[in-house]
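Reviewing the structure listed below.
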Amino acid sequence: MEAFVAGMGLLLDPKILLVVFLGTLIGIVVGALPGISGSTTTALLLPFTITMGPVPAIAFLGPIYCAANFGGSITAILINSPGDPSASATAFDGYPMARRGEAGRALGMSAVASAFGGIFSVIVLIIAAPLLARVAYSFGPPEYFALAVFGLSMVAMTGGDSMLKNLIAGAFGVWLATVGQDLTTGVERYTFGIHSFTDGIEFIPVLIGLFALTELLEQAAQLKNRVEVARLSAVRLPSWQDVKDCSKAIFLSSGLGTFIGILPALGATTAAMIAYVETRRWSKNKEQFGKGAIEGVAGPEAANNAAVGGAMVPTLALGIPGSTTTAIILAGLIVQGVRPGPHLFTEQPLLLYAVFSSMLLANLLYLVLGLGFAKVFARISLIPAPLLWPGVFVLSVIGAYAPNQSMAEVWVAIAFGFIGFFMRRYGFSPAPLVIGLVLGRMVEETLKQSLLIFDLSWGGFLGRPIAMTLFGLTVLFLLAPWVLRKLRR
Amino acid sequence: MNSHRVAAAATAAIAIVLFALTFGFEQMPEGITRGFGAEVFPRLVLGTIVALSVALFLTSPTGAPLERIPAMVYYSAAAVIAFMALVPLAGMLPAMFLFLLALGRMWGERRAWMLALCAVVLTALVWAVFVKGFGVQLPRGYLF
């Protein structure tokens, strides 16, 4: 309780208030820029948080994650081009609403539903994360290994065009984490004589390459696409009737989004898509969906923001990322020397409550900013690509170079920019690779420790019920889609 | 061959090459490795990748061949490489300035004053924030 009060008290610190405000503002702006997602921005700004210290860093990155989802809805509604992938479902009904002159109403509902979903999930985070951490406190290496494998199996559903491709990308991420000196034997693996690889491949250049530089090449391929902008007179608060009509969708989607967010690796985009389908299923106006139903905006927006708090639960309590962006935030914390997990609740409670309080504040801030300045943010979304993307490249180069002041890391970022481009071209999502990279060391270390405990016998896992349950769930999640497909036939 | 199979074959080939490289790792005595040498875990992971790639190859649906990569992607990639080549010669800040002008122009911005303004402002921002603010030492070139 003392730490909770101290955490909330952080919001009285002008420096923390400033970073939360900046994070929220940047989150909305980049969310509104098509092509620059919350993940890209978090990856791009991660190097600049290194000098901040863990508490201001997380108070800066958390709000970006919260606000980018809302920012994405601005362009989804006005130009039918989601600024963030999580706002894709919002465009289905938001853009038709905007085309019939109701952009302000759609944006108002988006802001309110987003804030409700976000605050709901932070409350769940405050309650659930310590409980989960208490359970995980008794975990040993075999349980952590099983948990990490479970987390990796969940990447099968994170995007890309097939489960197998996601698993392959995730496994490549785990392999990438083996580059560098083996911690037990000191043997160098895949360093090819390059000195800077001895300590392993740094997260930051890989993240910048896979997200920002890959997107630069993707944008180069789409330069001929033109957008049609819907008119926006003013954003207005939803009417009482709108709130009544959407309350079921908002509650249902907030719950769904939080639950999906808690599942390792699944994030806001999946939550929004499922929420859209479920909102439509339970709506009395099914036939209006796709033509401009306001519930079709409220449901996905509540869900994608609810997934943010949900995704933070396994990230903080177990050290297993709940989504791509939390994988990046997790990498940022590791770079700062903080390893999230159950011990964090006893060792660094202030950090945790900084996360909770900054995310709560961010959800309130973007409600105010979204209602007051959506018109300005909508204008930002129209910055021409030839002016925006060269600037993103410059920031990427500085971001990759600055932490260690090494050009080798800029080359790594560029190499991963090209790798990411070809991955996407062949239907591989970079998200599983990032999650694999973040979890890779943990998987290897816990496997080694487990086998040492079991005297090198894999059968030792059979005597660990929690680990076996997690392995069982892994198999279930991997086989379920295949079994369901067979049953449908 | 469709794109899924190309992807499966490529990932399997990469994994096999990486697997082969593990035979070149330095060998340590049993007392140090405690039965789990540095090569074991990468081999497990790469073996899994090969198995998944084979499954992808065998189960991939027939798909249309991929569209050609637009020429602008190659030009942009070339501009990125040119930037990297320019850094040791001109220094990072001048290389950034030139890159901002060149890529903006290449991507279709015709207002020279706007390009120049953006390039100047962004380069100055990088200098003020990173060089002066954070004390980052940017690479200098032979010329600057």
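Readers should treat all values here as calculations from the given coordinates under stated rules, not as data from a laboratory. Note that the structure is predicted; figures quoted are calculated from it, not measured. Positions of Cβ are backbone-derived with ideal geometry, glycine not excepted, and every protein chain shown enters the neighbour counts.
Rank A:Pro432, A:Ala103, A:Pro141 by how far each Cα sits towards the positive end of the charge dipole of chain A (+1 on Lys, Arg Cβ; -1 on Asp, Glu Cβ) and give me just the farthest.
A:Ala103
Treat every Asp and Glu Cβ in the stretch B:25-135 as -1 and every Lys and Arg Cβ as +1, leave all other atoms uncharged, and give the resulting dipole magnitude about the Cα centre to the nearest 20 debye.
With Lys and Arg at +1 and Asp and Glu at -1, about 500 debye.
Taking N as the number of residues in chain A, what is its Cα Rg relative to 2.2 N^0.38 Å?
0.94
Below 23 Å, Cα to Cα, which lysines can A:Lys486 reach? Residues fewer than 8 away in the same chain don't count.
Of all the lysines, those that pass the test against A:Lys486 - Cα under 23 Å, at least 8 places apart if same chain - are A:Lys165.
Excluding residues on the same chain fewer than 8 positions from A:Lys286, give the lysines whose Cα lies under 24 Å from its Cα.
A:Lys286 reaches A:Lys244, A:Lys248.
Would you mind ranking A:Leu252, A:Leu78, B:Leu58 by Cβ crowding within 10 Å, fewest neighbours first?
B:Leu58, A:Leu252, A:Leu78
Per-residue ellipticity at 222 nm for the protein assembly as shown, helices alone: DSSP H runs ≥ 4 residues times -39500 (n - 2.57), over residue total, nearest 500 deg cm²/dmol?
-23500 deg cm²/dmol
Please average, across the residues of A:46-57, the number of beta carbons from any other chain that are within 10 Å of each residue's own beta carbon, and give a whole number.
Counting Cβ atoms of other protein chains within 10 Å of each residue's Cβ and averaging gives 1.
Is there a quick way to get the dipole size of chain A? I mean about its Cα centre, with the Cβ of Lys and Arg at +1 and of Asp and Glu at -1; what is the value in debye to the nearest 20?
Result for chain A is approximately 1620 debye, rounded to the nearest 20.
Binning at 10 Å from 0, report for chain B what percent of all alpha-carbon pair distances ends up in each bin.
10, 21, 17, 18, 26, 8, 1
Taking each residue in A:173-185, count the Cβ atoms of any other chain within 10 Å of its Cβ, then average. What number comes out?
What the average comes to for A:173-185 is 5.
With labels modelled as points extended 7 Å from the Cα through the Cβ direction, what inter-label distance (nm, one decimal) is found for A:Lys284 paired with B:Ala112?
Between A:Lys284 and B:Ala112, the simple spin-label model gives 6.5 nm.
Using a Förster radius of 51 Å, what is the FRET efficiency between B:Arg34 and B:Arg5 based on their Cβ-Cβ separation? Nearest 0.05, please.
Efficiency, from the Cβ-Cβ distance: 0.80.
If the cut-off is 28 Å between C-alpha atoms, which lysines fall inside it for B:Lys132, apart from same-chain ones fewer than 8 positions away?
A:Lys15
In degrees, nearest 10, range 0 to 90: what is the angle between the Cα axis of helix A:103-136 and the longest Cα principal axis of chain A?
Tilt relative to chain A: about 30 degrees.
Binned at 10 Å from 0, what are the whole-percent values of the Cα-Cα distance distribution for the stretch B:71-133, short to long?
Spelled out per bin, shortest first, that is 22, 47, 28, 3.
Take the alpha carbon gyration tensor of the stretch B:3-59, find the square roots of its eigenvalues, order them as a ≥ b ≥ c, and report rounded if a/c is under 1.5; if not, report prolate when a/b exceeds b/c, else oblate.
In terms of gyration-tensor shape, prolate.
Taking every residue in B:4-14, how many Cβ atoms of other protein chains lie within 10 Å of its Cβ, on average?
Per residue, the average neighbour count from other chains is 3.
How far apart, in nm, are two points set 7 Å out from the Cα along the Cα-to-Cβ line at A:His195 and at B:Phe23?
Those two pseudo-labels are separated by 3.2 nm.
Helix A:430-453 versus the longest principal axis of chain A: what is the Cα-based angle in degrees, 0 to 90, to the nearest 10?
30 degrees
If you average the alpha carbon positions of the stretch A:240-254 and of the stretch B:95-128, how far apart do those two centres end up, in angstrom?
Rounded to whole Å, the Cα centres lie 46 Å apart.
So for A:Cys246, A:Cys66, fewest C-beta neighbours within 10 Å to most, what's the order?
Ordered by Cβ neighbours within 10 Å, fewest first: A:Cys246, A:Cys66.
Roughly what angle does helix A:141-154 make with the longest principal axis of chain A, taking Cα atoms, 0 to 90 degrees, to the nearest 10?
Taking the Cα atoms of chain A, the angle to A:141-154 is about 40 degrees.
If we count other beta carbons within 10 Å of each Cβ, what is the order of B:Trp107, A:Trp411, fewest first?
Listed from fewest to most nearby Cβ atoms, that is A:Trp411, B:Trp107.
Using +1 at the C-beta of Lys and Arg and -1 at the C-beta of Asp and Glu, which of A:Phe251, A:Gln336, A:Leu367 has the Cα lying farthest in the positive direction of the dipole of chain A?
Of the candidates, A:Phe251 comes out farthest on the positive side.
Report ³J(HN,Hα) in whole Hz for each residue of the stretch A:275-288, in order, from the Karplus equation J = 6.51 cos²θ - 1.76 cosθ + 1.60 where θ = phi - 60°; Gly and Pro get x.
4, 4, 4, 6, 4, 5, 4, 8, 7, 7, 10, 3, 5, 7
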